[in-house]
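Notes to accompany the following structure.
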Amino acid sequence: DTAVSQTPKYLVTQMGNDKSIKCEQNLGHDTMYWYKQDSKKFLKIMFSYNNKELIINETVPNRFSPKSPDKAHLNLHINSLELGDSAVYFCASSQGLAVTYEQYFGPGTRLTVT
Amino acid sequence: AQRVTQPEKLLSVFKGAPVELKCNYSYSGSPELFWYVQYSRQRLQLLLRHISRESIKGFTADLNKGETSFHLKKPFAQEEDSAMYYCALSHPGNMLTFGGGTRLMVKP
């Protein structure tokens, strides 16, 4: 009974391509997030999304765009993929935007750009 | 800007030894701090948060605003504690800033 799921688990693609990663949560949460984990295991927030309000980490290139068809889904679209985009991408969700809410993480999607 | 620092990338101890994973933060507001853990082949999950002042799996963490630290401690390490530990600070939008992580290895 998975709480936060991501597809695909692995994604291998070439530079310049456009790809999407899907995320779904069945917890009834209002807020979802995307994080990037680099090769040194450093985790960095990319976006948070709550009731159609998007909060972007200013360091994220505009090639990355989150899209939320409904409250339970937050997909990540990446245009013109670059080698440096290779990483593990984690989706997460929480009840809301309050800073005390626990975040529940998905299993991650390993993206490899060749 | 907020920052979280975990000075040790790897911490190796023997079973039964005390453990302290260090975390220091930099934040202009009132910090909300967490420890998240990632066991092998499992997803990242919350271990504990400073606001609840609880002990989970024998771990505790005290927020020291004077030293801007939130170190994670356990008096007697177990092999099953081996994992990657991340200290995190939550800021507006509930966006987490993570430290670089510390891999804890507990040897038998």
Take peptide B:85-98, look around each residue's Cβ out to 10 angstrom, count Cβ atoms belonging to other protein chains, and average those counts. 6
Tell me, what ³J(HN,Hα) does each residue in the stretch A:55-62 have, in order and in whole Hz, if you take phi through Karplus 6.51 cos²θ - 1.76 cosθ + 1.60 with θ = phi - 60° and put x for Gly and Pro? 10, 9, 6, 4, 8, 7, x, 6
Mind telling me which of B:Lys22, B:Lys65, B:Lys74 comes out most flexible in a GNM of chain B, alpha-carbon contacts under 10 Å? B:Lys65
Once phi is turned into ³J(HN,Hα) by the Karplus curve 6.51 cos²θ - 1.76 cosθ + 1.60 with θ = phi - 60°, what whole-Hz value does each residue of the stretch A:10-23 show in order, with x for glycine and proline? 10, 9, 10, 8, 9, 3, x, 6, 10, 9, 10, 10, 9, 9
Of all chymotrypsin sites (Phe, Trp or Tyr not before Pro) in the stretch A:1-93, the ones in DSSP coil with at most 16 other Cβ atoms within 10 Å are A:Phe42
In the Gaussian network model of chain B, springs joining C-alpha atoms below 10 Å, which of B:Asn24, B:Asn64, B:Asn94 carries the largest mean-square fluctuation? B:Asn94
For the pairs A:Lys52/B:Lys65; A:Lys36/A:Lys67; B:Lys15/B:Lys65; A:Lys44/B:Lys15; A:Lys22/B:Lys73; A:Lys41/B:Lys65, note any where the Cα-Cα span goes beyond 25 Å. A:Lys52/B:Lys65; B:Lys15/B:Lys65; A:Lys44/B:Lys15; A:Lys22/B:Lys73; A:Lys41/B:Lys65
Among the lysines, select those whose C-alpha is under 20 Å from the C-alpha of A:Lys40, and discard any that sit fewer than 8 residues away in the same chain. A:Lys9, B:Lys9, B:Lys22
Distance in nm between pseudo-label sites at B:Lys9 and B:Leu46 (7 Å out along the Cβ direction from Cα): 3.1
Just to be sure I understand the interface: list residues from the stretch B:20-51 that lose 10 Å² or more of accessible area between the chain on its own and the complete protein assembly, 1.4 Å probe. B:Glu32, B:Phe34, B:Tyr36, B:Gln38, B:Arg43, B:Leu44, B:Leu46, B:Arg49, B:Ile51
Non-local residues with an amide H under 5 Å from the amide H of B:Glu8, with H modelled 1.01 Å from N and Pro and chain starts lacking one, are B:Lys22
In order over the stretch B:33-46: 3J(HN,Hα) from phi, Karplus 6.51/-1.76/1.60, θ = phi - 60°, whole Hz, x for each Gly or Pro, gives 10, 9, 10, 10, 10, 10, 6, 3, 6, 10, 7, 5, 9, 5
For the protein assembly as shown, which whole-number percentage of the solvent-accessible area (1.4 Å probe, protein heavy atoms only) is attributable to carbon and sulfur atoms? 49
How many square angstrom of accessible surface are buried between B and A, both sides summed, with a 1.4 Å probe and rounding to 100? 2000
With an 8 Å Cα cut-off and a minimum separation of 6 or more residues, compute the relative contact order for chain A in percent. 38
What nm distance separates the two modelled labels at B:Arg103 and A:Val12, each placed 7 Å from Cα along Cα→Cβ? 2.3
To the nearest Å, what is the center-to-center distance of the stretch A:69-114 and the stretch B:43-108, using C-alpha atoms only? 22
Sorted by chain and then number, the residues having a modelled amide H within less than 5 Å of the amide H of B:Leu47, at least 5 places away or on another chain, are B:Trp35, B:Tyr36, B:Val37
Using a 1.4 angstrom probe and counting only protein chains, how large is the accessible area of A:Asp30 in Å², to 10? 60
FRET efficiency for A:Arg63 and A:Ser5 from the Cβ-Cβ distance with R0 = 25 Å, rounded to 0.05, comes out at 0.55
Counting only protein heavy atoms, probe 1.4 Å: which residues of the stretch A:66-110 lose 50 Å² or more of accessible surface in the full assembly compared with their chain by itself? A:Val99, A:Thr100, A:Glu102, A:Gln103, A:Phe105
Rounded to two decimals, what is the ratio between the C-alpha radius of gyration of the stretch A:1-80 and 2.2 N^0.38 Å? 1.11
Amide H within-cut-off set for B:Ala77, under 5 Å, with H built and near neighbours excluded: B:Gly16, B:Ala17, B:Val19
Measure off 7 Å from each Cα along the Cα-to-Cβ vector at A:Glu53 and A:Glu102, then give the distance between these two points in nanometres to one decimal. 2.4
Skip the ligands, DNA and RNA, and give the accessible area per residue of the protein assembly as shown with a 1.4 Å probe, whole Å². 50
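The values are calculated or read from the model by the stated rules, or taken from the named source; none is laboratory data. Keep in mind it's a predicted model, so treat the numbers as computed, not measured. In this analysis, Cβ positions are derived from the backbone assuming ideal geometry, glycine residues included, and neighbour counts consider all displayed protein chains. All accessible areas refer to the heavy atoms of the entire protein, side chains included, with ligands and DNA or RNA removed. Shrake-Rupley method; radii C 1.70, N 1.55, O 1.52, S 1.80 Å.
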